[in-house]
Amino acid sequence: MQLRYSFRLYPSAGQRAALARAFGCARVVYNDALRARETARGKGLPFPKAGDLSRQLITEAKNTPERAWLGEVSAVVLQQSLRDLDTAYRNFFDGLKGKRPRMGAPRYKSRKNTRQAVRFTANARWSITTGRKLRLPKIGDVRVKWSRTLPSTPSTVSVVKDSADRYFASFVVETGPEEVLPETTPGLGIDLGLRHFAVLSDGRKIDSPRFLRRAEKRLKKAQHALSRKEKAGKNRNKARIRVARAHARVADARREFHHRLSTRLIRENQAVAVEDLAVKGLARTRLAKSIHDAGWSAFVSMLEYKAARYGRIFVRIGRFEPTSQVCSQCGVKDGPKPLHVRVWECGACGVVLDRDINAAVNVAKAAGLAVSACGAQVRPGLVPALRGEAGTHPTPQPSTAR
């Protein structure tokens, strides 16, 4: 499978200017190609092919006074910008046909967008120098902070500038079967929540870090300072970067937490099951901030691709499975319960159950995993006797059995 490895870049002042030119040229070519296709659609003509757009908007445009500065950047960057537009149109039409979730039509890129990216393929002849720097065509040797080694030779590299004015190199690498982990026996069901980020079917509970909630005071101060700055001023841009960096610290901490937890769960268990939550719908409720702070979708996506990478089994059960209504001991459905009810007693077998652990066990059972449900029981309950054994009478009673 293909994976992305990101590393922090530290370009010099001249390299920042060269990257800014590359970002701008790629954006202009993308917008020119989008305009050409929209014009053809408006006139009822067929869409121009990618080869024709490449010749007109890159090769021939370099020889004109209006677009002569396109020759200052690598041609591969401009070609990849056209490929990105083709991908955007393909995704849009596939959404209309029902092949994927629907998405909007391609839109023009703005020069005011704080996130910029360009991509270099093998044709660009980029390389990693002996001094462990990233050599990019017409940009130079950029210093890289290597936090780990690449598992294989990368095929492409994307240079990304985010809203916090940070630069990253994103490498695409291929992984093979050598990363498959040895088989193990446990299977695990996971119930995601807000009070606890994850409750496992073996009884463990992982507390929710609530990174955004803990950083709200610092974010409020930075955003208040931004609101007081004059628009289109240098001080406002500096304040905007401070706000973006504060949000980036929260996002980085959340991503690190997701990676560590998902890797540990995948390594320890042969199979992992989660519930397919309607995150978009839940994010429209009064709990929207807490749900976005938890980042359930990102965590589940990490579980899914890491299971495929390491040879584990990943199961996603339906969102309408009544995991919180069914007793994990006897299987009797006891009906829906309000959210404030965290412990309940089964009316059939009398077992007292923890709501979250019981749901995690039911998630594992719904996925067909062989797990122990002992963690779902908080304390042993009294097993009700049969009706005929519930008491004695001084005189025999007539039988009511039919």
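Miscellaneous remarks
- Residue 164 being small (Gly, Ala, Ser) and within 17 Å of residue 15 (Cα to Cα): no
- Screening 354, 293 for residues that are acidic (Asp, Glu) and either within 17 Å of residue 200 (Cβ to Cβ) or open to solvent by 50 Å² or more (accessible area, probe 1.4 Å) (or both) leaves exactly one candidate, 354.
Here's the yes/no breakdown for (1) out of contact with any Lys or Arg (no Cβ under 6 Å at 6 or more places or on another chain); (2) open to solvent by less than 80 Å² (accessible area, probe 1.4 Å); (3) more than 25 Å from residue 240 (Cβ to Cβ); (4) modelled with pLDDT of 95 or more:
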{"position": "121", "(1), (2), (3), (4)": "yes, yes, yes, no"}
{"position": "125", "(1), (2), (3), (4)": "yes, no, yes, no"}
{"position": "148", "(1), (2), (3), (4)": "yes, no, yes, no"}
{"position": "161", "(1), (2), (3), (4)": "yes, yes, no, yes"}
{"position": "167", "(1), (2), (3), (4)": "no, yes, no, yes"}
{"position": "173", "(1), (2), (3), (4)": "yes, yes, yes, no"}
{"position": "183", "(1), (2), (3), (4)": "yes, no, yes, no"}
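- Among the residues of the range 95-116, those identified as open to solvent by 50 Å² or more (accessible area, probe 1.4 Å) and not in a loop (DSSP other than H, G, I, E, B) are 96, 97.
- Residue pairs whose Cβ atoms lie under 8 Å apart, separated by 6 or more positions or on different chains, with the first residue in the range 253-274 and within 13 Å of residue 311 (Cα to Cα) and the second open to solvent by 30 Å² or more (accessible area, probe 1.4 Å) and among the charged types (D, E, K, R), are 270/183.
- Qualifying residue in the range 302-318 (condition: in contact with a Cys (Cβ under 6 Å, 6 or more places away or on another chain), over 24 Å from residue 213 (Cα atoms) and without any contact (Cβ under 8 Å) to a residue 60 or more places away in the chain): no
- Close contacts from the range 193-211, counting a first residue that is open to solvent by 30 Å² or more (accessible area, probe 1.4 Å) and a second that is in a loop (DSSP other than H, G, I, E, B) and among the polar types (S, T, N, Q), with Cβ to Cβ under 8 Å and a gap of 6+ residues or different chains, come to 194/208; 195/208; 196/208; 202/372.
- Any hit, the range 75-87, residues being more than 31 Å from the chain's Cα centre (by Cα), open to solvent by less than 70 Å² (accessible area, probe 1.4 Å) and either touching a residue at least 40 places away in the same chain (Cβ under 8 Å) or closer than 26 Å to residue 133 by Cβ (or both): yes
- Residues within the range 307-340 that are more than 29 Å from residue 183 (Cβ to Cβ) and under 31 Å from the mean Cα position of the chain (by Cα), tallied: 11
- Subset of the range 201-222 (residues that are under 20 Å from residue 306 (Cβ atoms) and touching a strand residue (DSSP E or B) at 6+ places or on another chain (Cβ under 6 Å)): 201, 206
- Which listed residue, of 243, 250, 274, is in a strand (DSSP E or B) and either farther than 23 Å from residue 193 by Cα or open to solvent by less than 30 Å² (accessible area, probe 1.4 Å) (or both): 274
- Residue among 50, 68, 105, 40 that alone is over 20 Å from residue 157 (Cα atoms), in contact with a Leu (Cβ under 7 Å, 6 or more places away or on another chain) and at pLDDT below 95: 50
- Here residue 35 fulfils each of the conditions (1) open to solvent by less than 30 Å² (accessible area, probe 1.4 Å); (2) farther than 30 Å from residue 178 by Cβ apart from (1).
The values are calculated or read from the model by the stated rules, or taken from the named source; none is laboratory data. Fair warning: this is a prediction, and the values are worked out from it, not measured in the lab. Using ideal geometry, Cβ is built from the backbone for each residue, glycine included, and neighbour counts are taken over all protein chains shown. When the accessible area is computed, the model is the full protein with side chains, heavy atoms only, and any ligands, DNA or RNA have been set aside. Shrake-Rupley method; radii C 1.70, N 1.55, O 1.52, S 1.80 Å.
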